[in-house]
1. From Ala52, Ala69, Ala80, Ala93, grab the single residue that is more than 16 Å from Gly23 (Cβ to Cβ), at pLDDT 70 or above, surrounded by 12 or more Cβ atoms within 10 Å (Cβ to Cβ) and among the aliphatic types (A, V, I, L, M).
2. Restricting the search to region 10-43, which residues are within 21 Å of Arg73 (Cα to Cα) and of a type outside the set (A, V, I, L, M, F, W, C)?
3. Restricting the search to region 12-40, which residues are in a helix (DSSP H, G or I) and among the polar types (S, T, N, Q)?
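The values are calculated or read from the model by the stated rules, or taken from the named source; none is laboratory data. Not measured: the values here are computed from a predicted model. Heads up, the Cβs are rebuilt from the backbone with ideal geometry, glycines too, and the neighbour counts pull from every protein chain shown.
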Amino acid sequence: MMNPVTKKRYTAEFKTQAVGLVGLGKPVSIVAEDLGLSQGVLYAWVRKDSQAAQVGSGELLAGGVELSADELRRLRREIATLKMENDILKKAAVILGTKPPLGDAR
């Protein structure tokens, strides 16, 4: 008599973290091996996540604005760039002897 194959269950958090590792550039084969998954299962999770991102994650911010993971990454890069430009302008203002604009609480 053969034992029935039991299907492993993974939490949504585990799946999200596994897909996130792939999203950071780690190869699927490495992530799958590290987590004890088959590559096929991980590819399915990645595919499902990318389809959900295209449709929308359903997460709403204040004002009902919906952000996808790609949009969030783009906005974080933009914030970092703007902060760097702001710091450069502050240094230039000091060098040129002008005052930085009021309201900068730093």
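1. Ala93
2. Those that are within 21 Å of Arg73 (Cα to Cα) and of a type outside the set (A, V, I, L, M, F, W, C): Glu13, Lys15, Thr16, Gln17, Gly20, Gly23, Gly25, Lys26, Pro27.
3. Across region 12-40, the qualifying residues are Thr16, Gln17, Ser29, Gln39.
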